[in-house]
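Notes follow once the structure below has been shown.
We did not get these values from a lab; they are worked out from the coordinates using the rules stated. These figures come from a predicted structure and were not determined experimentally. Every residue, glycine as well, gets a Cβ built from its backbone with ideal geometry; the counts of neighbours run over all protein chains shown.
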Amino acid sequence: MIVVPLGIASATPTAIRHLPSVALWREGSVFLFDCGENSQMCMLQAGLKRSKIDSIFITHFDVDHYSGLMGLISTLQLQRREKELNLIGPKGIKKFVEWNLNFSGVEINFDLNFIEVDEDIEEMRVLNTDDYYVEARPLKHKKFCLGYRFQEKDKPGKVDANKADQYGITEDEHFKSLKAGKNLTLDDGTVIESYEIVGHPRPGDSFAYVTDTEYCPNAVKLAVNTNILYHEATFGNQLADKAKETGHSTARDAARVATEAQTKLLVIGHFSARYTNLHLLLKEAREGFYPTWLAQELRPIFTDPSHERGVVEPKVDLIDLTKKKPHGGGGNYRDARSKGGRSTGSRHGGNRPGSKNFRSRKSKDSAYSGNRARYGSSNYEDRGDRYRKNDGGSYRNNNGGNRDYDNSDRNKRYDNSKLNNSITPRTGYDDFNRF
Ligand SMILES: [Zn+2]
């Protein structure tokens, strides 16, 4: 499964952060957790097809968490969807959607399957299929709010292909029944026990979505042993009182839940608009639970950590701004993009731009050779400086941390001839073509 944060803001969107929504991609289907304003556009940017949405889970009725819902339903109708859509949320979601459709006189040609959760439940399985189930539990917020856990059921073990060959098993049905744990009798009367040829069952992946809430035991229960816990960290520790007052978590609270639940990876999101430097929150969360990542909009995260190859590798297109190109003029950036054949939808393009300029720039740039540049402090410092040199304050929002830099040091660097080649990053993660 792949988790794609679509909106990581809380309450109010900022210039660079959208309202809450997280997509979970699983075998061609998309499960949407919350649907803030702009979710459907963010899906497009992420390369997720809206027609592939299977279910939408709404946590609670704060407007920022469902303000994109009607727009999305309307789009699905315009796309002539026929497949049923599951809409899961606290009691009242049916009334809300139907009232809206009625108000605007829209007739929906596909079935809406509402699953409403009452306030007095302790736990409820809101979806249950052969392959996975989704569990909801109430959290502790100012109003009734649900957390969700998406759990794949254990998968049967893999069939040993060599052994199957030896026994001469070729038919799909035989494989299926062996995988289902049944013994197989061959034509010559030989009985093959399932365990001889099928490996151990493989545990299913899991994902918990916990927002908006103060610390509460139900959050831990939802997140127990998950591959990924997406937890809100609206505030830093300094504003713990404010978090309590508004029914939210601090980065430390998120880390506490992750620790108690023994989740494999904590991803924090739902950031208050007051934080331009999210690394502050990351630092605080990591003090309590080290395997923590900041949610980045559109940056997909595999639930199976083996796909992540350790620390996230930023894939940044670096374009030389100062170096004049023969025909480039001021449009270097666009030039480089179009050379790579990626004038639109470049996020989906798997290839790096073919521009030679890009390659040579990259190879010269030792500061980027380390994968850990995002979180590694020394490389990070270097990057921060470079960004600032290009763009004045505009990258401060993304990277923050600039306060740490000493001005004289910066000027020294500024004069450094090495830095004559300015660079500008595109999105942090600009290279995925997985959907
Ligand atoms: Zn919220």
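Less than 5 angstrom separates the built amide H of TYR132 from those of LYS153, all sequence-distant by 5 or more or on a different chain. Among 184-194, 212-222, 126-136, sorting by the average number of other beta carbon atoms lying within 10 angstrom of each residue, highest first, gives 212-222, 126-136, 184-194. Each peptide in 237-248, 265-276, 152-163 receives the mean, over its residues, of other Cβ atoms within 10 Å, and ordering these scores from highest gives 265-276, 237-248, 152-163. Multiplying the residue separation of ASP131 and GLU84 by 0.36 nm and removing their Cα-Cα distance gives an extension gain of 15.1 nm. Between PHE103 and ASP160, residue separation times 0.36 nm minus the direct Cα-Cα distance comes to 14.7 nm. Electrostatic bookkeeping for ASN218 treats Lys and Arg as +1 and Asp and Glu as -1; over the other residues with beta carbon under 12 Å from its beta carbon, the sum is -1.
Note on THR170 and PHE114: their simple-model spin labels are 5.5 nm apart, each label 7 Å out from Cα toward Cβ. Pairs exceeding a 22 Å alpha-carbon distance, out of LYS242/LYS283; LYS140/LYS221; LYS94/LYS143; LYS142/LYS221; LYS143/LYS264: LYS143/LYS264. The peptide list 6-13, 116-123, put in order of mean Cβ contacts within 10 Å with the highest first, becomes 6-13, 116-123. List the residues, sorted by chain then number, that are 5 or more residues from LEU146 or on another chain and whose placed amide H is less than 5 Å from its amide H. Hits under the 5 Å cutoff: HIS60, LEU139. Assign one of three labels to the stretch 54-169, namely rounded, prolate or oblate, based on the Cα gyration tensor with a ≥ b ≥ c the square roots of its eigenvalues; rounded applies when a/c is under 1.5, prolate when it is not and a/b is larger than b/c, and oblate otherwise. Oblate.
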